[in-house]
Amino acid sequence: MIQAMIRRVFFVVTVVALIVSVGGLSVLAQDSDEALKKKYAPILGDYEFDMEGQVMLVSFWVEGGALWGGPEGQEAAVLEPVEGEDLMFEINTSDGQYMEVEFIKDEAGKIAKCMVLAMEMEMEGIKIIK
């Protein structure tokens, strides 16, 4: 009887600890997202890439403590910062492709372009100002 009660108390304490830790993680992720949104604010948004006469829209956003990017309607990927470079990132896609992404400032110092190097092809996207 006492052992059953101890097991119930242990179970309740474990469940409460789990709920608190998961809740704490979500608060940490929100704080992390807010900090990343602030850090990457100049590059977040949509970019238009002219792909042989067809326009491809690529979006960049922060979610789950990471910077994400992807073409409209396709699988998104996490952008990993390149050490020592503020505006350069690497992408390793789920299908094993590697890409380099660089955001470029205009004369006024604002992010105006996104250059993507993939499979020895360089593509330029122009930031859409909303």
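Which count do you get for residues in segment 87-109 that are assigned to a loop (DSSP other than H, G, I, E, B), modelled with pLDDT under 95 and touching a strand residue (DSSP E or B) at 6+ places or on another chain (Cβ under 9 Å)?
Total satisfying the criteria: 3.
Can you name the strands (runs of 3 or more DSSP E) wholly within segment 39-82 that have at least 3 residues being without any contact (Cβ under 8 Å) to a residue 12 or more places away in the chain and not acidic (Asp, Glu)? Full working, then the answer.
Details: elements: 45-51, 54-63, 66-71, 77-81.
No strands (runs of 3 or more DSSP E) qualify here.
Being surrounded by fewer than 13 Cβ atoms within 10 Å (Cβ to Cβ) and part of a strand (DSSP E or B): is that true of GLU122 here?
Numbers: surrounded by fewer than 13 Cβ atoms within 10 Å (Cβ to Cβ): yes; part of a strand (DSSP E or B): yes.
Taking the combined requirement at face value, the residue satisfies it.
Tell me whether segment 102-113 contains one or more residues that are of a type in the set (D, E, K, R), surrounded by 14 or more Cβ atoms within 10 Å (Cβ to Cβ) and without any contact (Cβ under 8 Å) to a residue 60 or more places away in the chain.
Our first condition is that a residue be of a type in the set (D, E, K, R); within segment 102-113, this holds for 102, 105-107, 110, 113.
In the following step, the residues that additionally are surrounded by 14 or more Cβ atoms within 10 Å (Cβ to Cβ) were identified as 102, 113.
From what's left, without any contact (Cβ under 8 Å) to a residue 60 or more places away in the chain: 102.
Yes - at least one qualifying residue is present in segment 102-113.
The values are calculated or read from the model by the stated rules, or taken from the named source; none is laboratory data. These numbers were taken from a predicted model, which means no experiment stands behind them. Neighbour counts are summed over all protein chains in view; Cβ atoms, including those assigned to glycine, are modelled from backbone coordinates with ideal geometry.
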